[in-house]
Amino acid sequence: MKRKVIQIADSTQLVSIPRPWGRKYNIKKGDELEVTIKGNKLEVSTSGPTELAIENLDISQLGSMILRCLMAFYKRGVDELHITYDNEKLIEIIHKAIGKEAAGYEIIDQGKGRCTIKYVTGELGDFDSILSRTFLILINMANETYDAIEKKNYDRLNNVAFLEEANNRFTTACRRLINKKGYDVNNSVGALYYIIEELENLADYYKYLCLYMLEHGNEKTKISKDTLELLRKTNTALRLFYECFYKFDRDKIVQIGELRKEVITEGLELMTKKQGEEIIMLHHVLTIMQKTFCLVGPYLVIKL
């Protein structure tokens with residue numbers, strides 16, 4: 001989008017802002033905008049309220065994808081969602097869906113075959129604090145999983161798996177904030193969005209490991225020290241990434257790569273020797289390790 005420069009006297013130059021952008025962010029005469037110089041670019045931003053985003057959704061034929069569709073609108077930053085449906089039982093699914101992950105969404109109006117959801121409360125916090133809590137919950141899941149399996153306290157794994165729901169709420173809120181308000185991250189917001197998606201996926205994979213061992217683990221279950229060591233190394237890689245995310249450290253990035261190589265190589269070899277529950281556990285550990293390693297690429301896009 002191009003704009004012509006208007007010259008006022010000898011020292012002042014003006015450029016008009018696009019009207020759709022001004023309407024979206026409710027820009028009025030006399031409002032102050034933040035102008036940031038970035039090389040040959042000027043970045044214009046506002047801290048003012050945005051235009052209310054309203055959408056419609058018919059969930060009648062969405063089946064098991066109702067939750068994902070609702071979360072898509074939430075992440076996009078929609079403030080008011082008018083929902084229609086052909087089965088009154090679907091309202092129960094809506095209640096459960098927004099209560100589980102969509103912090104701030106509430107049903108404000110409901111009638112036969114329809115309801116209205118609106119974003120009515122403030123955020124869980126600012127973006128940085130939510131993202132930090134997301135990391136800490138994930139690291140807690142990792143440590144608790146290892147400790148419970150090592151000590152054969154498999155009943156503890158059910159509570160660890162529940163932490164995945166908190167992770168979902170935080171990662172969902174982060175993505176909503178990015179889409180709604182944007183985020184200054186070295187012109188690489190897409191890379192940051194990807195990292196947040198993967199943090200949610202990692203919590204899923206820890207949950208899958210927990211639920212499997214909860215169902216199949218008992219005092220007779222044999223998990224070798226070698227397999228536990230691979231889980232420990234995988235958890236270490238996750239912790240290193242968290243530390244690097246907030247303070248770049250080249251040596252730690254290299255260490256993550258080395259840990260990944262060790263875990264994958266040793267894990268694949270162990271899978272040819274083990275049997276039963278241990279093979280399934282190894283599969284989950286290798287998946288978690290690879291997912292953790294995949295965080296490095298988009299992180300380097302942001303930091304380098």
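What the table shows:
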item	result
Condition met for Ala166 (over 13 Å from the mean Cα position of the chain (by Cα), within 23 Å of Ala102 (Cβ to Cβ) and assigned to a helix (DSSP H, G or I))	no
Condition met for Tyr208 (assigned by TED's automatic domain parsing to the domain that holds Phe170, within 30 Å of Ile37 (Cβ to Cβ) and touching a residue at least 60 places away in the same chain (Cβ under 8 Å))	no
Filter result for Lys152 (farther than 27 Å from Glu229 by Cα and touching a residue at least 60 places away in the same chain (Cβ under 8 Å))	no
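The values are calculated or read from the model by the stated rules, or taken from the named source; none is laboratory data. Note that the structure is predicted; figures quoted are calculated from it, not measured. Glycine also receives a Cβ, built like all others from the backbone with ideal geometry; neighbour counts cover every protein chain displayed.
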